Amino acid sequence: MNKELLYNLQLQAGGSHYPAINSHLQEKFAELIVKECCATIENAMMSLNDHREKIGAEFAAHAIAKQFRID
């Protein structure tokens, strides 16, 4: 998980006190959200007919996972 990105997002969401609250739980929560978003994109790919659109959706899911350093 990209901890620096997660930390900055936590600051934006809740202010300076928020990141101090159970950072491991917050990291796991963020990881699950990112995985769910990637899975949603991958599931949506099934309904696409155009090969280029499928490649674009696959690229988007991969780029999101890479940004957050999710396996």
Qualifying residue in segment 16-36 (condition: at pLDDT 90 or above, part of a helix (DSSP H, G or I) and surrounded by 14 or more Cβ atoms within 10 Å (Cβ to Cβ)): yes
Residues satisfying the stated conditions in segment 49-68, i.e. touching a residue at least 40 places away in the same chain (Cβ under 8 Å) and surrounded by fewer than 14 Cβ atoms within 10 Å (Cβ to Cβ): Gln67
Residues (touching a residue at least 12 places away in the same chain (Cβ under 8 Å) and among the basic types (Lys, Arg)) located in segment 19-48: Lys35
Any hit, segment 40-63, residues being within 20 Å of Glu4 (Cβ to Cβ) and under 10 Å from the mean Cα position of the chain (by Cα): yes
In segment 1-15, residue nearest to Val34 (Cα to Cα) [restricted to those that are surrounded by fewer than 15 Cβ atoms within 10 Å (Cβ to Cβ) and among the polar types (S, T, N, Q)]: Asn8
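The values are calculated or read from the model by the stated rules, or taken from the named source; none is laboratory data. Remember, it's a predicted structure, so these values are computed and weren't measured experimentally. Glycine also receives a Cβ, built like all others from the backbone with ideal geometry; neighbour counts cover every protein chain displayed.
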